[in-house]
Amino acid sequence: MTAFRNFENRDPVPSLPQAAVRPKWSVMIPVYNSARFLASTLQSVLAQAPDPAHMQIEVVDDCSSDDPQKVVNEIGGRRVGFFRQPQNLGHIGNFHTCLNRAQGELVHLLHGDDAVRPEFYEWLGRGFDADPRVGAAFCRTVFMDAHGQELSIEPAMQSISGRLENAVVRLALEQRIMTPSIAVRRAVYEELGGFDRRLKCSEDWEMWIRIASRFPVWYEPRALALYRMHPQSNTGRHIRTAGDMAYTRMAIDIFKSYLPSELADDVAASARRTYSQSALETGRRLLGSGDWAGCLAQMSEAFQLDPSLKTIGRMLRLVAKQGGEIVRPN
């Protein structure tokens with residue numbers, strides 16, 4: 001309990017007045033210089049939105065320079081709220097503003113470059129209605145590129161809608177929940193606090209494990225969320241420096257304490273091995289495009305994640321396959 005009540009690295013989310021009339025849903029859309037994608041995000045929500053009494057929709061802008069308010073006015077009109085930060089807070093600070101401003105019982109953080117498919121709110125809402133003890137509900141994710149072209153679909157974790165069994169361990173082994181695919185009871189954020197400020201990537205993974213360690217999690221096997229992959233996304237900006245893997249390593253170290261003590265070491269070690277291999281695959285792609293510095297950074301993180309002879313062997317094979325380009329740049 002102490003670990004969850006210690007808000008040293010995360011901000012508390014205050015509860016709302018008991019007598020307040022509240023919508024069921026709050027769709028909170030954090031944005032920062034992603035106005036070119038925002039229209040499709042808003043359209044995907046508005047196409048299935050009930051009236052304002054049942055769904056709050058609000059864009060929270062982290063002091064962008066590309067005028068997201070214009071997009072909100074054009075697409076959302078008075079149906080979509082808009083709040084602009086007086087100064088840039090960074091994405092964790094902006095997320096926290098979203099949580100504080102959310103009025104609904106269920107909170108959906110939908111990045112301004114992502115989207116949802118039809119019936120997202122219908123199917124996830126059914127999960128919360130079916131089991132009042134459920135703290136969060138998520139579905140499968142469709143990955144798309146910057147142009148909206150669908151690339152792949154997240155493999156199913158189970159074939160039927162329902163509680164995800166052994167959720168905390170299964171979700172800790174690998175990040176399986178993209179932020180647009182999950183909704184969380186506001187009361188859960190109130191109990192556990194906001195996102196960890198130490199993490200500039202993987203803060204979502206840490207949060208989902210924190211939730212799964214304390215509450216049942218509902219799984220919807222339909223692929224109803226759309227996650228956009230592009231170089232300007234938060235994760236994309238950290239790839240070349242391997243910051244994505246450094247923060248992944250930090251997240252694993254943080255959430256290890258949330259896991260069952262008899263399994264924590266093995267689960268954390270498995271997660272580290274998984275992401276060590278992921279770092280080497282990213283390094284291979286970077287080297288293939290001529291970015292030897294980015295490859296070196298990813299290789300370094302791969303070894304820190306899994307400092308083993310196997311990792312060294314994989315690193316050597318990666319370099320050898322590319323004909324030594326990494327140590328002899330043009």
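So which of Ala268, Ala302 ends up being closer than 29 Å to Asn9 by Cβ, touching a Gly at 6+ places or on another chain (Cβ under 8 Å) and in a helix (DSSP H, G or I)?
After ruling out the rest, the residue left standing is Ala302.
Please work out if Ala293 is over 30 Å from Arg133 (Cα atoms), modelled with pLDDT of 95 or more and not in a loop (DSSP other than H, G, I, E, B).
No; evaluated as a whole, the condition is false for this residue.
What about Met245, is it surrounded by 23 or more Cβ atoms within 10 Å (Cβ to Cβ), assigned by TED's automatic domain parsing to the domain that holds Thr41, assigned to a helix (DSSP H, G or I) and within 15 Å of the chain's Cα centre (by Cα)?
Judged against the criteria, Met245 is not a match.
Name the residues in segment 158-180 that are within 17 Å of the chain's Cα centre (by Cα) and either assigned to a helix (DSSP H, G or I) or more than 20 Å from Asp244 (Cα to Cα) (or both), would you?
Ala167, Val168, Arg170, Leu171, Ala172, Leu173, Thr179, Pro180, listed by residue number.
Given the criterion of a type outside the set (S, T, N, Q) and either loosely packed, with under 14 Cβ neighbours inside 10 Å or modelled with pLDDT under 95 (or both), identify the matching residue among Ala49, Ala39, Ala20.
Ala20
Quick one: is Thr311 of a type in the set (Ser, Thr, Tyr), more than 18 Å from Trp205 (Cβ to Cβ) and not assigned by TED's automatic domain parsing to the domain that holds Leu171?
Yes: the conditions hold for Thr311.
Considering only residues that are in a helix (DSSP H, G or I) and of a type in the set (Phe, Trp, Tyr), look in segment 182-219 and name the one that is nearest to Ile160 (Cα to Cα).
Per the criteria, the residue is Trp208.
Has segment 203-214 got any residue that is without any contact (Cβ under 8 Å) to a residue 12 or more places away in the chain, out of contact with any Ser or Thr (no Cβ under 9 Å at 6 or more places or on another chain) and basic (Lys, Arg)?
Checking segment 203-214: not a single residue is without any contact (Cβ under 8 Å) to a residue 12 or more places away in the chain, out of contact with any Ser or Thr (no Cβ under 9 Å at 6 or more places or on another chain) and basic (Lys, Arg).
For residues that are in a loop (DSSP other than H, G, I, E, B) and without any contact (Cβ under 8 Å) to a residue 24 or more places away in the chain, scanning just segment 118-157, find the one that is nearest to Ala187 (Cα to Cα).
Across segment 118-157, the extreme among qualifying residues is Pro132.
Of the conditions (1) over 30 Å from Arg22 (Cα atoms); (2) crowded, with 21+ Cβ neighbours inside 10 Å; (3) free of Cβ contacts under 8 Å to residues at least 40 places away in the same chain, Ile177 satisfies every one except a single condition; which number is it?
So Ile177 meets the others, but not (1).
The values are calculated or read from the model by the stated rules, or taken from the named source; none is laboratory data. Please read these numbers as outputs of a predicted model, since none were measured by experiment. So basically every Cβ, Gly included, is an ideal-geometry build from the backbone, and we count neighbours across all protein chains shown.
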